[in-house]
Amino acid sequence: MRDLEKIRGSRVYGRRQGPALTKARQARLDEWLPKIEITLSAQGPSAAPESHFDLSLKDHWLEIGFGKGEHLAAQAKTHPDIGMIGCEPFLNGVSGLVDLVDQENLANVRIFTDDARLLMDSLPDRSIGRGFILFPDPWPKARHHKRRMVSAGNIVVLSRILKDGAELRIGTDHMEYCRWIMAHMLENPDFIWISDSPDDWRRRPDDWPASRYEIKSLAQGRKSSYLRFIRRPRST
Ligand SMILES: C[S@@+](CC[C@H](N)C(=O)[O-])C[C@H]1O[C@@H](n2cnc3c(N)ncnc32)[C@H](O)[C@@H]1O
């Protein structure tokens, strides 16, 4: 396990807070967050995903950097028997997801409001049935590449927590980051890229709801890549 204190000490890159929330949104956040926020103890013990929910669920899926939560909420609505765990340190994004949880009365959503790496480190081996990293910040400058969410170290952790045969979905509209993601994912023998045709990675699958970032990017004329990987089944 990585040193949690070391990660905690490091910056979460990007904004944590944007414009001040309206009174109504702040009130919704204050009402909901105590019920659905995941908190980790300082020791960072292994906490099974089911321990964060008060209902019995078929499986648990993890979304890293859910932005304002449109994709996560859509998945939660379509799959009420799946526990959806989302990580997002940006407070206005957390508030966006809380609004959707409130509107749709989603009982199967839990939110971690800090660096996803802290939560990932707390999850037991083979505990997550599907992972999503949708449009992670590309950090285009070479000196910032170390901030990228898709990195060799984070892929090792994802490989540990994903179940045998679990799918990991990564979306990006940044071609250089797309090549980086492919190279880093395929360097790790635990993952297999799934592709049914030469260009299917250019089309969003029907069961992959659009996220806010993707819609904005399309409107600006950029093309996205929809990468799907399978956690190779372990031999034991
Ligand atoms: C470009 S946005 C995409 C948001 C959303 N996935 C979408 O497609 O609309 C990247 C998101 O990742 C979040 N993020 C960045 N670093 C993170 C980290 N260490 N843990 C969790 N989320 C993170 C940011 O706050 C931001 O909301």
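For the listed residue pairs LYS146/LYS223; LYS23/LYS146; LYS35/LYS216; LYS141/LYS216, the alpha carbons are over 28 angstrom apart in LYS23/LYS146; LYS35/LYS216.
What's the long-distance tail for the chain, i.e. % of Cα pairs beyond 26 Å?
Details: 9821 of 27730 pairs.
Summing the P(r) of the chain above 26 Å gives 35 percent of all pairs.
Of ALA107, ALA48, ALA219, which is the most mobile in a GNM of the chain whose springs link Cα atoms less than 10 angstrom apart? Sorting by GNM fluctuation, first place goes to ALA219. In the range 151-236, Cα pairs under 8 Å separated by at least six residues give a relative contact order of 49 percent. Annotation: per residue accessible area for the range 4-231 equals 47 Å², rounded to a whole number [probe 1.4 Å, protein chains only].
Give the shape of the range 21-82 as rounded, prolate or oblate, defined through the alpha-carbon gyration tensor: a ≥ b ≥ c are the square roots of its eigenvalues, a/c under 1.5 means rounded, and otherwise the shape is prolate if a/b is larger than b/c and oblate if not. Taking the square roots of the gyration eigenvalues as a ≥ b ≥ c, the range 21-82 is oblate. Overall, the accessible surface of the chain at a probe of 1.4 angstrom is composed of carbon and sulfur to the extent of 53 percent. A viscosity of 0.890 mPa s and a temperature of 25 °C, combined with the Kirkwood radius over Cα pairs in Stokes-Einstein, give a translational diffusion coefficient for the range 107-219 of 159 µm²/s.
The values are calculated or read from the model by the stated rules, or taken from the named source; none is laboratory data. These numbers come from a predicted model, not from an experiment. Only protein heavy atoms, including side chains, enter the accessible area calculation; ligands, DNA and RNA are left aside. Shrake-Rupley method; radii C 1.70, N 1.55, O 1.52, S 1.80 Å.
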